[in-house]
Amino acid sequence: MSGKRGGNLNSRITLAMIGLTLTAFAVVYVGMMAYFFVIYEWLYPDAATDESWRLGDTVMVGLVLGVGLLTASLIGWRLARRIIAPLKTVAAAARRIATGDFSARAELPPGSFGEARDLVTDFNRMAERLQQAEAELAYSNSAIAHELRTPLTILRGRLQGLLDGVFEPGPQFYRRLIAHVDDLSGIVEELRTLALSNAGQLELAFTPVDLADEAAAALTALEAELAAAGIAVTHNLDPAATLADRARLRQAFVAVLENACRYAPRTPVQVQTGIDGTDVVFRCTDGGPGLSEDGRARAFDRFWRADESRGRSLGGSGLGLPIVRAIARAHGGEARILTSDTPGLAVEIRLPRHRSPVSG
């Protein structure tokens, strides 16, 4: 089917060139006849009358027309090939992608037009994003199944033990079951937040807030957890007013602090807020083992954990920092891991100070 379409386009371009040549020839021919038989006699009424139209004139006109048509056909054919060649490479790559081969890329034939180069470049960029999205989806599905399997297995084991009489029902036992259910609910809510963010549907209620107040509230809410982790918190909370969703902002700050509790216990943690140019900034620096350069680059990937210092045994779903970045970007800002020569991890959230953020 694609070959027929390409042939039709080729034929149409060639026919268009032939038609253009015939039209130009007709205009020139009619103009010449009008000039020699009408205008010329009007301009030069006393001029000697020449012989009538001769056979040689007809042959010459036919020869000119034939050369014109042949030239137009060759130009149209070459032009059509230059136009169709990149379209064929894009079509071939699109067919491979449709069959599930997301590694397919279109190639740019030599001598292609600038528009064709842009088409191939944009298509390949789209194909690359599709390949990344497919890989991320496959990894996320596997990771989601892994994350949900553990609490579900524990819940089933506890309930089966309760049914078999292995466990005695009591307040403490039920509290443990509720804790596992809360873990499941937390993972589901985190996945929902990320899904809404990726779809650009994360709804935010913007109100005037101060990052210093929200950071202080987050520290107060996690005071017991920080103390249990042996973390000594120092803070420098300078005013940093902006427009933000108070609940989402506090959720991001709590996630950063929980990350420090989990992976940097018994270390000092410093929390800062303030204004930096056109941005308001929240920064949390811990004294833990930190991350390698590759780890810092992947810290915001969903379900990712470093092999050693941030393994599954320390808990967590691997969704905390991705949600922090999703919330920051929904506010028109950014979250990042700062580089440092000293051990530890510094997480920074930057939001616009005066510009109204765009939801999603």
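Simple rule: put +1 on each Lys or Arg Cβ and -1 on each Asp or Glu Cβ in segment 146-219, find the dipole, and look at Leu152, Ala218, Leu162; the Cα lying farthest toward the positive end is Leu162.
According to the Cα-based calculation, Rg over Rh for segment 159-211 is 1.30, with Rh computed by the Kirkwood formula. Express the carbon and sulfur contribution to the solvent-accessible surface of segment 179-280 as a percent, rounded to the nearest whole number, probe 1.4 angstrom. C and S atoms contribute 53 percent here. For segment 105-125 versus segment 178-243, the spacing of their alpha-carbon centroids is 45 Å. Over the C-alpha trace of segment 186-235, radius of gyration and Dmax come out as 15.2, 39 angstrom.
When only alpha carbons of segment 151-243 are considered, Rg and Dmax amount to 19.8, 58 Å.
When the chymotrypsin sites (Phe, Trp or Tyr not before Pro) in segment 78-182 are filtered for DSSP coil states and for at most 13 other beta-carbon atoms within 10 Å of their beta-carbon, the remaining sites are Phe113. What is the diffusion coefficient of segment 197-289 in µm²/s, taking the Kirkwood radius over Cα pairs and the Stokes-Einstein relation at 37 °C with a viscosity of 0.692 mPa s? Answer from the Stokes-Einstein relation: 238 µm²/s. Surface analysis of segment 174-244 yields an accessible area of 55 Å² per residue, using protein heavy atoms and a 1.4 Å probe. The GluC sites (Glu not before Pro) of segment 187-250 that DSSP puts in a loop, and whose beta carbon has at most 12 other beta carbons within 10 Å, are Glu203.
The values are calculated or read from the model by the stated rules, or taken from the named source; none is laboratory data. All values derive from a computational prediction rather than experimental measurement. As a convention, Cβ positions derive from the backbone with ideal geometry for all residues, glycine included, and neighbour counts pool all protein chains shown. For the accessible areas, the whole protein counts, side chains as well, though only heavy atoms, and no ligand, DNA or RNA atoms are used. Shrake-Rupley method; radii C 1.70, N 1.55, O 1.52, S 1.80 Å.
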